[in-house]
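Here is the structure we will look at.
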Amino acid sequence: MGLFPKDRNLAEPADRVELEVRASDYGRPVDEVHVRLDGFLRRHLHWRSRSSIQNLIRDGYVFVDVPVPDDESAREAVVERRSSRKLRHGSRVVVVIPEELRLPKGEADGSDLDILYEDEEVLAVEKPAGMPVHPSGRHVADTLIQQVHARYRSGNDGLKLPIRLCHRLDLETSGVLLVAKGDRCHAHLMRQFEDRKVEKEYLAIVCGSPEADGGVIDFPLGQSRTSDVHLKIAVAPDGQPCKTEWRVVERREHCTLVSCSPHTGRQHQLRVHLDAIGHPIVGDKLYGVDESYFLRHAKGELGPADFAALGMERHALHNHRLVFRSPETGERREVTSPLPADMRAYLDGPQLSRVVH
């Protein structure tokens with residue numbers, strides 16, 4: 001049981017939190033779990049103080065499931081106003097979020113969603129650079145999945161089936177994003193991704209001009225041991241196997257457009273691999289430059305001179321093509337997205353040599 005209700009409409013602010021007591025969370029046998037309600041909620045809603053949680057309980061916002069009279073197999077949620085109420089393994093708790101504490105509804109209405117392909121099973125949409133795929137951290141409104149939910153799960157004609165992402169793209173990466181309609185279709189497509197049967201082709205603008213017209217990069221990747229950025233990846237002899245095919249598409253004086261096909265799906269794989277052969281992606285604030293660009297960008301401190309040195313305000317990486325098999329018929333499906341305007345403008349305009357450390 002997750003923190004929020006399963007299959008909720010992400011276009012709408014969350015109105016409740018659902019939780020389940022699990023013995024494994026406490027490292028105890030099932031019959032030894034006896035936890036106070038306020039302590040249990042404090043453990044999961046760690047951003048709230050104990051006193052504020054006790055106020056929620058006192059004011060009737062917390063429900064605990066209890067057996068239904070005359071039906072041992074059924075349970076119903078009832079208001080629980082006792083902070084000291086003891087919970088056992090398997091107990092379910094629902095916290096209704098007071099109106100004044102709910103996140104404001106975003107402006108997403110789905111009207112700006114750029115649909116590249118759609119049938120009864122799947123939806124392929126264009127993810128713009130700078131739009132997060134899913135709510136997280138500082139990005140809690142107007143994400144791509146909220147746009148999808150606003151279009152397909154709001155209103156009388158909304159889909160009743162769950163909407164499931166099949167993969168993700170970094171915040172600054174643009175291009176094709178695949179969404180499944182329903183759990184069965186999602187499971188089928190995820191198997192294709194896991195079995196590496198989905199063909200993926202990215203377009204990237206890299207600094208400089210590679211000597212060869214193409215090749216294979218197979219450096220293993222692992223967590224960086226020298227970076228102050230915890231999510232940074234590096235080439236590591238003891239890392240996970242990783243393989244990228246690449247080829248030159250267009251050459252310019254100070255940059256090159258390359259096509260990349262990842263045969264594995266490691267975090268930041270293309271960015272790290274291209275940097276490792278001496279041709280980092282234009283605009284990448286974490287790889288190929290002093291990582292202080294990334295740290296200052298996270299604080300909103302980069303200015304025009306910094307972006308001029310980087311070449312672009314975002315890293316020039318675009319998910320150009322996905323090929324998969326229809327979960328229903330097994331037929332081949334190919335979805336493509338053209339090179340976005342900002343990357344084309346950089347290629348066709350006067351480029352300055354980017355500072356690479």
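The values are calculated or read from the model by the stated rules, or taken from the named source; none is laboratory data. None of these values were measured; they are calculated from a predicted model. Because the Cβ atoms are built from the backbone with ideal geometry, glycine has one as well, and the counts that use them run over all protein chains shown.
Being of a type in the set (S, T, N, Q) and under 19 Å from Arg168 (Cβ atoms) is the requirement here; does Ser261 meet it?
Yes, satisfied.
Scan the stretch 148-160 and give yes if some residue there is at positive phi and at pLDDT below 90, otherwise no. Steps first, answer last, please.
We begin by selecting, within the stretch 148-160, every residue at positive phi; these are 155.
After this cut, where a residue has to be at pLDDT below 90 as well, the list is 155.
So far as the stretch 148-160 goes, yes, one or more of its residues are at positive phi and at pLDDT below 90.
Looking at the stretch 311-325, can you tell me whether even one residue there is in contact (Cβ under 8 Å) with a residue 60 or more places away in the chain, surrounded by 19 or more Cβ atoms within 10 Å (Cβ to Cβ), more than 30 Å from Met190 (Cα to Cα) and of a type in the set (Gly, Ala, Ser)?
yes
So, in the stretch 242-253, how many residues would count as being within 19 Å of Tyr202 (Cβ to Cβ) and in a loop (DSSP other than H, G, I, E, B)?
Number of matching residues: 3.
Consider Ser227 against the criteria (1) part of a loop (DSSP other than H, G, I, E, B); (2) more than 26 Å from Leu295 (Cα to Cα): it satisfies all of them except one. Which criterion is unmet?
Unmet condition: (2).
Return the total of residues in the stretch 44-57 being in contact (Cβ under 8 Å) with a residue 12 or more places away in the chain and part of a helix (DSSP H, G or I).
Number of matching residues: 6.
Would you mention how many residues in the stretch 269-294 are among the aliphatic types (A, V, I, L, M) and either part of a strand (DSSP E or B) or surrounded by fewer than 16 Cβ atoms within 10 Å (Cβ to Cβ) (or both)? Don't jump to the end; show me each part of the working.
Residues of the stretch 269-294 among the aliphatic types (A, V, I, L, M): 270, 272, 274, 276-277, 281-282, 286, 289.
Within this subset, residues satisfying the condition of being either part of a strand (DSSP E or B) or surrounded by fewer than 16 Cβ atoms within 10 Å (Cβ to Cβ) (or both) are 281.
The qualifying residues number 1.
Does the stretch 228-250 hold any residues that are touching a residue at least 24 places away in the same chain (Cβ under 8 Å) and surrounded by 15 or more Cβ atoms within 10 Å (Cβ to Cβ), and which are they?
Lys232, Ile233, Ala234, Val235, Cys242, Lys243, Thr244, Glu245, Trp246, Val248, Val249
Return yes when Ala108 is at pLDDT below 65 and buried (at least 18 other Cβ atoms within 10 Å of the Cβ) and no when it is not.
Yes.
How many residues does the stretch 297-321 hold that are basic (Lys, Arg) and either outside the structural domain of Cys255 (by TED's automatic domain parsing) or under 21 Å from Ser261 (Cα atoms) (or both)? So that I can check it myself, show each step before the final result.
So the first thing to find is which residues in the stretch 297-321 are basic (Lys, Arg), and the list is 299, 314, 321.
Now drop any that are not either outside the structural domain of Cys255 (by TED's automatic domain parsing) or under 21 Å from Ser261 (Cα atoms) (or both), which leaves 314, 321.
Of the residues in that region, 2 qualify.
Scan the stretch 20-41 residue by residue and report those that are in a strand (DSSP E or B) and touching a residue at least 60 places away in the same chain (Cβ under 8 Å). Working first, answer last.
We begin by selecting, within the stretch 20-41, every residue in a strand (DSSP E or B); these are 20, 35-36.
Scanning the stretch 20-41 gives a single hit, Glu20.
So, of the residues in the stretch 212-224 that are in a loop (DSSP other than H, G, I, E, B) and out of contact with any Lys or Arg (no Cβ under 7 Å at 6 or more places or on another chain), which turns out to be surrounded by the most Cβ atoms within 10 Å (Cβ to Cβ)?
Among those residues, the one meeting the criterion is Phe219.
Which condition does Ser209 not pass, out of (1) in a loop (DSSP other than H, G, I, E, B); (2) surrounded by fewer than 17 Cβ atoms within 10 Å (Cβ to Cβ); (3) out of contact with any strand residue (DSSP E or B) (no Cβ under 6 Å at 6 or more places or on another chain), if it passes all the others?
Ser209 satisfies every listed condition except (3).
Of Phe294, Phe324, which residue is more than 18 Å from Ala234 (Cα to Cα), in the same structural domain as His230 (by TED's automatic domain parsing) and of a type in the set (Phe, Trp, Tyr)?
Of Phe294, Phe324, the one residue that is more than 18 Å from Ala234 (Cα to Cα), in the same structural domain as His230 (by TED's automatic domain parsing) and of a type in the set (Phe, Trp, Tyr) is Phe324.
Output the residues belonging to the stretch 312-334 that are farther than 30 Å from Lys285 by Cα and not small (Gly, Ala, Ser).
Phe324, Arg325, Pro327, Glu328, Thr329, Glu331, Arg332, Arg333, Glu334
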